[in-house]
Each structure stands twice: as C-alpha cells, then as structure tokens.
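Input: a single structure, listed below in structure tokens.
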C-alpha cells in the first residue's frame, strides 16, 4: 500500500494535464499512488487519464458524471487507502521534492497537516512567478492546537495571506474522512477555504515548511460568469458566523468585522460577475435587488466599522437598494478587468 495518495480532479484540463502527471511521476519519493477522478470531461481529458493509467500501475482512473470539484475530491478520498492525502489541480505541477519533503516533515513532527510554500505562475514556463512572502513562510514552524486556533484559523476569517487552497498541503487521511460538513454547503466558490477551515479547527498539529514546492497556475474561477457565486458567498459568510460563535465568542466583535468586510468585498465581485454573463439588464437589476435585500448583506452593510472600509457611495447604494448604481459599478469593474484578463491570457499561451 502507498504511503500517500494524490487526488487530482480532472475536468477539461486538456494538454495541461501532461505537466501535472509528469511532475508526479518524477517525484523523488517513490511510495505514492495517483487517483485521477475525471469529472465528466468532454474534451478528451478522459482518454489521457486512461492512457496514463494503462501505462503505470501506480495510476488509478475513475470517471463520474460532471458534479463539480467538491464531489470529485470526495470521490478521490473514498478511493484512497494511504494514511496521507495530497490534492493537486489538474493544470498545476509539483517540484520533484514535493512528496519527499512534505512526507518527511509530516512523519518527523507527527503533523496532521503539512504545508509548503508555492509559486503562482501563468504558464508552463513558470515565469513570471511569485511565491508567498508572508510571515507564515519565513521559517519552519510547528503549530499546535491552541496556536492553530489563535494564529492560522483567523486567517480564514480575515483574508490574511495564509493560503486557503487545498493544494500545497499534505493531510492525514483520517482528518479528511471526519470532515466535510462546511464544504457540503458550498457549490464551488470557496470550497478550498471552507474545507480547510474545518480541517484546521480539528487539527492538533500543523507543520509549515518554507520551501517552494508547488506550481499553481493562476486563472481564477471568478473570471467567468458563475450563477451560484452569490449563493456561495452568503453560505460562506453564514459558515464563518457559526465558527465565530462556536470557537471565538470572546473575540466575536473582531472576527465579525473581518468576515463582514470579506462579504462586502465579494459582493462587489458578484456585481462584476453579473456583467460577465449574458443576462439582460432587467435580469441583472432584479438579481442586484435580491442581493441588497438579503439579511446577510444588510447586516454587513449596516456595520459602520466594516462599511468604513468602502466608498460611501457603494455602501449607501446597498443600504438603499440602488440596483441601477450597483449595476453600473459592476459593469465598470468588469470593463476595467478586461485588459488584465487579456494580458493574463496572452502570458498563459506562452510556453516552451
């Protein structure tokens, strides 16, 4: 039996899948198994998965109807047998030392979760690239129960630079099997964050290593229209409120401030998201009116301290249900984002 199972959900990854699988097969740590969960791909990714599985006994292929990343990762966990689990995205890749260093640290310190630094890249050339330069990755550090709850978990409530993604982290399988309550309420946006929120609340030890071992290909789900974005934003906020009430009641004011600012930030993303779709103007206005009337949005906009972080015109429009102004704001933000999207698309096309 392998010591670590690598779960890779695959959905229309195309040729990018080659770099991911190649980097896994080149790992210096030999005792691994790769679980490719094809989430109903329609671009030929399933054929690539089958080809690799047929040529390497360490690779297992499984296909399911398209159900989203949450379901695909859960299926991979169900198929796993190893004591440790590593998640990777199908268009990312890893340094050949990733498993060796994560497994070495996990075993040396008995860590429930082991975290490495990562590069954010745009294309196969891995250039330009940027790693996480925050204080969390300045040196090796073992966090234990109380310190996890006081230092790491609040990052998921305040948007601190500790990475909320599942990739770049090695998990004890037992911990994953006992988790999933929060993420079951999320369709897609924030699924990494809310699974990690639960995992870090339960973990007894988290080991951080500063080595940059994972290459995350930037793209961003919010660069395309997502009809369920507002749903996930609100449910995520309600999950965070539950966490504050259950674990941080003595610091509730500070943490409520953090999650309310996060919601108001994401609401602006929702407005831009509406303009990236093909909705008619009356449909956009109707959706925005519903957003403004939602109790969670009204609660956040009514918090004077959180509201002070935003332009007064934005907050006033939310409070007054001014859908016309907010629609124009969303369109303006969307238009401003287009040049950056064009540059990112152009860079992403560059490869050796």
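If you average 1/r over all unlike Cα pairs in region 156-311 and invert the result, what Kirkwood radius do you get in angstrom?
17.1 Å
In deg cm²/dmol, rounded to 500, what helix-only [θ] at 222 nm does the chain give when every DSSP H run of at least 4 residues adds -39500 (n - 2.57) and the total is split over its residues?
Counting only the DSSP helices, I get -15000 deg cm²/dmol.
Once the Cα gyration tensor of region 35-177 is found, what semi-axes does its equivalent ellipsoid get, as square roots of 5 times the eigenvalues, in whole Å, sorted largest first?
28, 19, 16
May I ask you to compute the full-extension gain from residue 173 to residue 228, defined as 0.36 nm times their residue separation minus their alpha-carbon distance, rounded to one decimal in nm?
Extra length available between residue 173 and residue 228 comes to 16.8 nm.
Just grab the label-to-label distance for residue 320 and residue 56, each label 7 Å out from Cα along the Cβ direction, in nm (one decimal).
Going by the 7 Å Cα→Cβ label model, 6.0 nm.
Percent relative contact order of the chain, based on C-alpha pairs within less than 8 angstrom and at least six residues apart?
Taking the mean separation of contacting Cα pairs over the length of the chain, I get 17 percent.
Across 10 Å bins from the origin, how do the percents of Cα pairs in region 63-115 run, short distances first?
With a bin width of 10 Å, the distribution comes to 19, 44, 31, 6.
Under 14 Å from a point 7 Å along the Cα-to-Cβ line of residue 202: which residues of region 32-76 have their amide N that close?
Answer for region 32-76: 74.
Could you give the angle, 0 to 90 degrees to the nearest 10, between helix 45-55's Cα long axis and the longest principal axis of the Cα atoms of the chain?
The answer is roughly 20 degrees.
Could you tell me how many degrees, from 0 to 90 and to the nearest 10, lie between the Cα long axis of helix 281-293 and the main elongation axis, the longest principal axis, of the Cα atoms of the chain?
Helix 281-293 sits roughly 90 degrees off the main axis of the chain.
For the Cα atoms of the chain, what angle does the longest principal axis make with the long axis of helix 16-25, in degrees from 0 to 90, nearest 10?
Orientation of helix 16-25: about 40 degrees from the principal axis.
How high is the FRET efficiency from residue 130 to residue 250, r the C-beta distance, R0 35 Å, rounded to 0.05?
My answer for the efficiency is 0.45.
Averaged over all directions, how much area does the convex hull of the C-alpha atoms of region 237-348 cover when projected, in nm²?
Seen from a random direction, the Cα hull of region 237-348 projects 8.4 nm² on average.
Rounded to the nearest 0.05, what FRET efficiency do residue 289 and residue 42 give with R0 = 41 Å and r taken as the Cβ-Cβ distance? Could you check?
0.70
Across 10 Å bins from 0, what is the distribution of all Cα-Cα pair distances for the chain, in whole percents?
The percentages, shortest bin first, are 5, 23, 32, 26, 12, 2, 0.
Only the coordinates and a few stated rules stand behind these numbers; no lab work does. Since the structure is predicted, the reported quantities are computational estimates derived from the model, not experimental observations. Glycine also receives a Cβ, built like all others from the backbone with ideal geometry; neighbour counts cover every protein chain displayed.
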